[in-house]
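Below is one structure; the comments refer to it alone.
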Amino acid sequence: MDLGLTDRTYVVTGATRGLGFATARALVADGANVVITGRTEESAAAAAAPLGARALGVAADNADPEAPDRLVAAARERFGRLDGVLISVGGPPPGTAADNTDDQWRTAFESVFLGAVRLARTAAAELTEGGVIGFVLSGSVHEPIPGLTVSNGLRPGLAGFAKSLANEVGPRGIRVLGVLPGRIATDRMTQLDALSGDPEGSRARNSASIPLGRYGKPEEFGRVAAFLLSPAASYVSGVMVPVDGGALHGF
């Protein structure tokens with residue numbers, strides 16, 4: 001299938017590793033250009049290097065109010081256009097309602113929620129017909145995940161914002177959607193399994209609860225995200241798409 005990605009340009013945040021990098025790599029493999037962000041110039045440049053001339057690494061913090069304008073400008077300056085964004089940030093700190101602090105909530109809100117809203121809002125003003133705005137969220141949009149209370153509080157709100165934005169910009173031919181990773185074998189998942197004190201046992205128990213019986217691979221997520229960002233998915237908008245091996249209990 002030709003996804004129609006050739007020479008299109010996307011900003012992918014938090015893409016120096018994990019799900020963001022897997023998506024950037026899938027986009028480039030199909031002929032797209034990507035601007036990928038990391039916390040430092042060094043990490044962003046190192047991640048972009050193996051992707052070749054179609055990738056540009058830019059240091060950006062999602063919590064920085066000036067980051068959205070800089071990223072849009074970087075895409076236009078380097079590649080001459082902007083066709084979409086995929087907004088991905090690191091997961092908020094684990095914890096329960098009783099032990100997550102105000103500072104943890106405040107910091108996570110600035111980066112995970114408000115930073116995503118700012119970039120989506122900026123992209124919506126810049127994109128034209130055929131543009132797309134994607135959010136990397138979590139299965140916690142539908143089902144709270146034990147031990148991830150901050151994520152459980154913020155991700156559903158972003159899904160609601162995404163749905164509202166989809167309704168607002170749809171008449172202009174711009175799509176908005178969310179991608180909901182389940183248990184994908186990333187550094188983040190390794191960290192969460194380690195919190196149990198028995199990483200191997202935790203992974204075995206979690207795998208047993210997934211109908212496909214295993215954790216996903218980052219590239220499996222990346223291929224789905226790249227498809228959803230592509231013109232091949234031109235009639236998909238306003239939805240949350242799970243990539244979780246069937247783990248979501250609803251439908």
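The values are calculated or read from the model by the stated rules, or taken from the named source; none is laboratory data. Nothing here was measured: the structure is a model prediction, and the numbers come from that model. Here the Cβ is made from the backbone with ideal geometry for all residues, glycine too, and neighbour counts use every protein chain on show. All accessible areas refer to the heavy atoms of the entire protein, side chains included, with ligands and DNA or RNA removed. Shrake-Rupley method; radii C 1.70, N 1.55, O 1.52, S 1.80 Å.
I'd like to check which helices (runs of 4 or more DSSP H) are fully inside segment 180-251 and have at least 3 residues that are within 18 Å of the chain's Cα centre (by Cα).
On the way: elements: 187-194, 199-208, 218-229.
Here the list reads 187-194, 218-229.
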Item to complete: Considering only segment 1-18, state which residues are in contact with a Gly (Cβ under 9 Å, 6 or more places away or on another chain), over 22 Å from residue 186 (Cα atoms), open to solvent by 40 Å² or more (accessible area, probe 1.4 Å) and not acidic (Asp, Glu).
Response: 6
Item to complete: Might you check whether a residue that is buried (at least 18 other Cβ atoms within 10 Å of the Cβ) and more than 25 Å from residue 133 (Cα to Cα) occurs anywhere in segment 221-239?
Response: no
Response to the item:
Across segment 141-171, the tally of residues that are open to solvent by 50 Å² or more (accessible area, probe 1.4 Å) and in contact (Cβ under 8 Å) with a residue 60 or more places away in the chain stands at 4
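Which residues, counting only those in segment 124-157, are in contact with a Pro (Cβ under 6 Å, 6 or more places away or on another chain) and in a helix (DSSP H, G or I)?
Applying the first criterion (in contact with a Pro (Cβ under 6 Å, 6 or more places away or on another chain)) to segment 124-157 yields 141, 147-148, 150-152.
Result: 141, 150, 151, 152.
Restricted to segment 71-126, and to residues that are among the acidic types (Asp, Glu) and farther than 27 Å from residue 224 by Cβ, which residue is surrounded by the most Cβ atoms within 10 Å (Cβ to Cβ)? Spell out the reasoning first.
Taking segment 71-126 and keeping what is among the acidic types (Asp, Glu), we get 77, 83, 99, 102-103, 110, 126.
Adding the requirement that they be farther than 27 Å from residue 224 by Cβ leaves 77, 99, 102-103, 110.
Numbers: 77: 10, 99: 10, 102: 7, 103: 9, 110: 16.
Restricting to residues being among the acidic types (Asp, Glu) and farther than 27 Å from residue 224 by Cβ, the top hit is 110.
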Worksheet item: Across segment 19-61, which residue is most open to solvent (accessible area, probe 1.4 Å) among those that are on the phi < 0 side of the Ramachandran plot and in a loop (DSSP other than H, G, I, E, B)?
Response: 39
Discussion item. Checking the structure you have, find out if any residue of segment 38-56 is closer than 13 Å to residue 123 by Cβ and free of Cβ contacts under 8 Å to residues at least 12 places away in the same chain.
Written reply: no
